[in-house]
Amino acid sequence: MDFSLLLVIAVALSGAIYLLDVLLLKPKRRQRVATAEANTQEGLDAPTREKLLKEPWPVDYARSFFPVLLVVLVVRSFIIEPFQIPSGSMRPTLEVGDFILVNKFAYGLRLPVVNTRFLEVDDPERGDVMVFRFPDEPSVNFIKRVVGMPGDRIRYEGKQLYVNGEPVVKELIEEGPEGSPQQLLLEERMGNSVHLIYNNPRDPGPQMREIEVPEGHYFTMGDNRDHSNDSRFWGFVPEENIVGRAFAVWMHWDGGLPSFTSVRRIE
């Protein structure tokens with residue numbers, strides 16, 4: 001279900017009904033009141049006047065909901081949109097059940113539904129955590145880290161990421177976090193971003209020869225490097241598929257009581 005499309009339709013329909021009432025129906029109701037008053041010497045009593053001026057129920061609902069829906073559409077399309085993390089591909093940065101906020105303004109303003117950028121603000125930077133429409137199924141949103149910019153040469157070999165021939169710096173933080181000797185927690189430095197990643201030294205994982213990121217596209221990877229369906233498998237993210245930059249976790253919910261103790265900035 002495309003919520004953006006439903007929201008646009010709801011705003012357009014309620015706005016059209018509201019405008020129709022302002023331009024056509026409301027003047028007709030007032031005219032009926034004036035005609036009725038002209039045909040009686042005593043004037044209209046309050047209940048009769050109220051009945052003649054009463055809005056039809058579609059107009060009443062449209063007048064009530066239109067401003068609310070319009071504000072939601074503007075905020076969600078151009079400022080901030082909430083998302084929920086459905087998988088562990090971005091662990092340890094993001095956990096399953098995290099509710100995140102995405103900055104829709106960071107990479108330029110885009111028209112809802114069609115996602116066409118009409119105002120340029122900035123472009124993604126290496127190290128950003130980005131939400132985008134999955135190229136193979138645009139109705140599905142993915143979240144990954146940007147590791148390759150247009151024109152970059154990317155290679156992934158022996159658990160090591162290379163950008164333009166240089167290895168991305170990473171440092172071992174902990175061996176076997178969460179009691180798993182096969183999992184390494186590492187700190188990775190990429191551009192202005194310093195973040196944590198997982199690697200499993202016993203899992204050979206995908207190997208990728210050096211490729212060049214084409215213009216207008218980005219190369220993305222999950223922080224859970226051995227358990228992420230990312231650009232290593234399906235290719236590049238086109239610029240027109242970008243949704244926004246994830247910047248904060250505001251709640252965590254795994255089916256029990258919602259937790260606000262994990263509110264934090266996304267690095």
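For the stretch 153-267, what is the accessible area per residue in Å², given a 1.4 Å probe and the full set of protein chains? Mind showing how you got there, number by number?
Working: 6160 Å² over 115 residues.
Value for the stretch 153-267: 54 Å² per residue.
So, with +1 on the Cβ of K and R and -1 on the Cβ of D and E, and no other charges, what is the size of the charge dipole of the chain about its Cα centre, to the nearest 20 debye? Working shown, then result.
Numbers: 30 positive and 38 negative charges, 229 e Å.
My answer is approximately 1100 debye.
Roughly how many Å² is the accessible area per residue of the stretch 9-55, as a whole number, for a 1.4 Å probe? Write out the running numbers ahead of the final one.
On the way: 3570 Å² over 47 residues.
Here the per-residue accessible area is 76 Å².
List the residues of the stretch 17-39 whose backbone N lies under 15 Å from a point placed 7 Å from the Cα of TYR61 along the Cα-to-Cβ direction.
17-18
Using R₀ = 51 Å, calculate the FRET efficiency as 1/(1 + (r/R₀)^6) where r is the Cβ-Cβ separation of LYS54 and LEU257; round to 0.05. If you can, show how the numbers build up before the last one.
Values: r = 45 Å, r/R0 = 0.89.
The computed FRET efficiency comes out at 0.65.
Under a point-charge model restricted to the Cβ atoms of Lys and Arg (+1) and Asp and Glu (-1), what is the dipole moment magnitude of the stretch 70-203 relative to its Cα centre, in debye to the nearest 20?
Values: 15 positive and 20 negative charges, 78 e Å.
Charge dipole of the stretch 70-203: 380 debye, to the nearest 20.
Just to be sure I understand the curve: with the Debye formula and one point per C-alpha of the chain, what is log10 I(q)/I(0) at q = 0.17 Å⁻¹?
-1.32
Rounded to the nearest 20 Debye, what is the dipole magnitude of the stretch 141-267 about its Cα centre when Lys and Arg each give +1 and Asp and Glu each give -1 at the C-beta? Provide the component values of the computation, followed by the final result.
Numbers: 14 positive and 20 negative charges, 17 e Å.
My answer is approximately 80 debye.
Using a basic spin-label model with each label point 7 Å from the Cα along Cα→Cβ, how many nm lie between THR40 and GLU174?
7.9
Could you rank the peptides 215-227, 37-49 by their average count of other C-beta atoms within 10 Å per residue, with the highest value first?
Values: 215-227: 20.5, 37-49: 10.1.
Those peptides, ordered most packed to least, come out 215-227, 37-49.
Using +1 at the Cβ of each Lys and Arg and -1 at the Cβ of each Asp and Glu in the chain, identify which of PHE219, SER64, PHE132 lies farthest towards the dipole's positive end.
My answer, from the dipole projection, is SER64.
How much accessible surface area, in Å² rounded to 10, belongs to the heavy atoms of GLU212 with a 1.4 Å probe?
120
What is the calculated FRET efficiency for VAL74 to GLU157, with r their C-beta to C-beta distance and R₀ = 35 Å, to the nearest 0.05?
On the way: r = 46 Å, r/R0 = 1.31.
The computed FRET efficiency comes out at 0.15.
Leaving ligands and nucleic acids out of the surface, order LYS159, LYS26, LYS170 by accessible area at 1.4 Å, largest first. Mind dumping the intermediate values first?
Working: LYS159 35, LYS26 80, LYS170 60 Å².
Sorted descending by solvent-accessible area, the residues read LYS26, LYS170, LYS159.
The values are calculated or read from the model by the stated rules, or taken from the named source; none is laboratory data. Being a predicted model, the structure only gives us computed values, none of them experimental. Quick reminder, even Gly has a Cβ in these numbers, built from the backbone with ideal geometry, and neighbours come from all protein chains shown. Calculation scope for accessible area: heavy atoms of the full protein, side chains included, ligands and nucleic acids excluded. Shrake-Rupley method; radii C 1.70, N 1.55, O 1.52, S 1.80 Å.
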